[in-house]
Amino acid sequence: MFFTSFTDKNLAQNSYLVGCQRTGEAIIIDPPREFGHILEAAADEGLRVTAATDTHIHADYVSGARQLAVEHGVKLYLSDEGDANWKYEYTDGIDAELVKEGSTFSIGNVDFEVWHTSGHTPESISFLLTDRGGGATGPMGMFTGDFVFVGDVGRPDLLEEAAGMEGTADSGARDMFKSVQRFKQLPDHLIVWPGHGAGSACGKSLGAVPISTVGYEKNFNWAMQIEDEETFVKALLKDQPEAPVYFAQMKKVNKIGPAILDGEEPKVISDLVSLQQAIGENSLILDTRAGDVAAQGLVKGSINIPFNKSFTNWAGWLVKYDEALLVIADEKTRSDVKQALQSVGLDQIEAFVDPAALEGMELTTYETLSVDEFVGERKDSDAFVIDVRNDAEWQAGHLAEATHLFLGKLRTLDVPDDRKLLVHCQSGARSAIAASVLKARGFYTVKHMAGGYNAYVTAGMPVVQ
């Protein structure tokens, strides 16, 4: 058996390639939308990807399963668990087999047994792997998807928080309790291959180690220690991070079937006249330059989300799916930016904009303040202090005079239009994004604090805890 894993660090998402070296067949488990590197890895080992599967209808990224089926004739194994709301709707015309509890299938001499592990979502399944070709008569490990992570279990509240499906958080937590109790009956030696690691919003305390074992999780995963259902439900639902607004769209996209990408590259705008002509009523200029660069000259109405590890997450939060995107990006980053946006279904890139095209354009700026300057400015009667951190950070301590307005929702939250806006986050990175959002909304005086709350506390300033 051949086995290797791939991680999208922007989404902390794991995919797995499993192959039978005797027959040359291979399967991708939880394939990302961009899977070329996985096909290449398979080919390098003399394998051909003949199958793919998703552990559930993903909410945090666009699955590559449909693209694999349409473009490469790959057979899909898809969950048939859950009620009518959780059935895949794109199986017509492709080679797809619906599986549920107790189903089995093989890729060459590698066997997979399906477990229904609901809780994170109603249709979630996991796969027990047995390497029959290697002489095994029992399973080696389990692909748990968003069921069991290293040190955590999948959150059950996404459907309610992101998609507005009332009551599903509590019922999902109770399903998760039952799934966990069953998981604890597995042999300790089984390997756990999770769908995500630290940095994913699909849980609240995911570990950074890429794999685990059933025995380790039974001993050290907090969720495995609770034997009472009511206590488990309360603990699981407590302190979950904010559910990104784009998760609802991802659920819909992966259910009905993602659009098939044609590989066409967006045009590149390299002069001011062409840029001005391209800006339409429903355009959003997305500036991916570094924050300190963009702060010196923002296109009016643009949002600056620097292209780094956090880019995909904040693009998902802040960009609307009906906006035509004009993306300011250097030539060397354009391909990666495009892939990152498409990984969360933001396919509507009208054009890339070369930074040189901004020359001669009327630009706007926001100011960066030191802690001392921030403290001085906030004493003004017209100052309005905004804390854009998440709920957990706010609850751990905040400025007494601050108003909590989470960055991910800042494009729509009410903000006074007659005040000087002073913005901060934990370290200064998110408040720079927030400053660009507020400038795009038309607020005139916007300033953010370098170093954020960390620098503020380090300077000995008083906070509310």
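Observations on the structure shown:
- Residue pairs whose Cβ atoms lie under 8 Å apart, separated by 6 or more positions or on different chains, with the first residue in region 151-176 and within 18 Å of Ser126 (Cα to Cα) and the second at pLDDT below 70 and buried (at least 24 other Cβ atoms within 10 Å of the Cβ), do not occur.
- Hey, Gly108 over 23 Å from the mean Cα position of the chain (by Cα), free of Cβ contacts under 8 Å to residues at least 24 places away in the same chain, more than 29 Å from Val245 (Cα to Cα) and assigned by TED's automatic domain parsing to the domain that holds Ala223 or not: no
- Pairs with Cβ under 7 Å, 6+ apart, first in region 244-267 and in a loop (DSSP other than H, G, I, E, B), second modelled with pLDDT under 90 and surrounded by 15 or more Cβ atoms within 10 Å (Cβ to Cβ): Pro244/Ala162; Pro244/Ala201; Val245/Ala162
- Residue match in region 181-200 (condition: in contact (Cβ under 8 Å) with a residue 24 or more places away in the chain, in the same structural domain as Lys252 (by TED's automatic domain parsing), under 20 Å from the mean Cα position of the chain (by Cα) and surrounded by fewer than 19 Cβ atoms within 10 Å (Cβ to Cβ)): yes
- Of all the residues in region 391-404, those that are part of a loop (DSSP other than H, G, I, E, B), farther than 17 Å from His448 by Cβ and not aliphatic (A, V, I, L, M) number 1.
- Qualifying residue in region 288-295 (condition: under 17 Å from Leu341 (Cβ atoms) and either assigned to a loop (DSSP other than H, G, I, E, B) or not assigned by TED's automatic domain parsing to the domain that holds Trp394 (or both)): yes
- Residue in region 321-353 that is nearest to the chain's Cα centre (by Cα), counting only those that are without any contact (Cβ under 8 Å) to a residue 40 or more places away in the chain and under 17 Å from Tyr61 (Cα atoms): Leu341
- Residue count for region 125-143, restricted to those that are within 30 Å of Asp170 (Cβ to Cβ) and either surrounded by fewer than 17 Cβ atoms within 10 Å (Cβ to Cβ) or in contact with a helix residue (DSSP H, G or I) (Cβ under 8 Å, 6 or more places away or on another chain) (or both): 1
To keep it simple, each residue is scored yes or no on (1) under 27 Å from Arg289 (Cβ atoms); (2) assigned by TED's automatic domain parsing to the domain that holds Val245; (3) in contact with a strand residue (DSSP E or B) (Cβ under 7 Å, 6 or more places away or on another chain).
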residue	(1), (2), (3)
Glu377	yes, no, yes
Pro416	no, no, yes
Leu422	yes, no, yes
Ser427	yes, no, no
Arg430	yes, no, no
Gln465	no, no, no
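- Taken over region 184-222, residues that are in a loop (DSSP other than H, G, I, E, B) and of a type in the set (S, T, N, Q) amount to 4.
- Top-ranked residue in region 356-391 [being among the small types (Gly, Ala, Ser) and within 34 Å of the chain's Cα centre (by Cα); ranked as nearest to Ser270 (Cα to Cα)]: Ala357
- Scanning region 405-446 for residues that are touching a Phe, Trp or Tyr at 6+ places or on another chain (Cβ under 6 Å) and either surrounded by fewer than 16 Cβ atoms within 10 Å (Cβ to Cβ) or assigned to a loop (DSSP other than H, G, I, E, B) (or both) gives Pro416, Arg419, Gln426.
- When Thr412, Thr368, Thr403 are screened for being touching a residue at least 60 places away in the same chain (Cβ under 8 Å) and β-branched (Val, Ile, Thr), only Thr368 passes.
- Condition met for Gly316 (buried (at least 20 other Cβ atoms within 10 Å of the Cβ), under 30 Å from Ser124 (Cβ atoms) and touching a helix residue (DSSP H, G or I) at 6+ places or on another chain (Cβ under 6 Å)): yes
- Strands (runs of 3 or more DSSP E) fully within region 66-161 counting 2 or more residues that are closer than 30 Å to Ala198 by Cβ: 75-79, 110-116, 125-131, 141-145
- Residues that are modelled with pLDDT of 95 or more and of a type in the set (S, T, N, Q) were ranked within region 63-109; the one that is farthest from Ser200 (Cα to Cα) is Asn109.
- Residue match in region 303-310 (condition: part of a loop (DSSP other than H, G, I, E, B) and among the charged types (D, E, K, R)): yes
Let's see how each residue does on (1) of a type outside the set (Ser, Thr, Tyr); (2) touching a Gly at 6+ places or on another chain (Cβ under 7 Å); (3) without any contact (Cβ under 8 Å) to a residue 24 or more places away in the chain; (4) under 17 Å from Ala340 (Cα atoms):
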| position | (1), (2), (3), (4) |
| --- | --- |
| Gly19 | yes, no, no, no |
| Pro32 | yes, yes, no, yes |
| Gly36 | yes, no, yes, yes |
| Asp54 | yes, no, no, no |
| Ser79 | no, no, no, no |
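- Unmet requirement for Pro355, which otherwise passes all of (1) within 30 Å of Pro31 (Cβ to Cβ); (2) assigned by TED's automatic domain parsing to the domain that holds Gly301; (3) buried (at least 16 other Cβ atoms within 10 Å of the Cβ): (1)
- Scanning region 196-222 for residues that are under 11 Å from Val148 (Cβ atoms) and among the hydrophobic types (A, V, I, L, M, F, W, C) gives Leu206, Val214.
The values are calculated or read from the model by the stated rules, or taken from the named source; none is laboratory data. Computed from a predicted model, the values in this text were never measured in an experiment. Cβ: placed from backbone, ideal geometry, glycine included. Neighbour counts: every protein chain shown.
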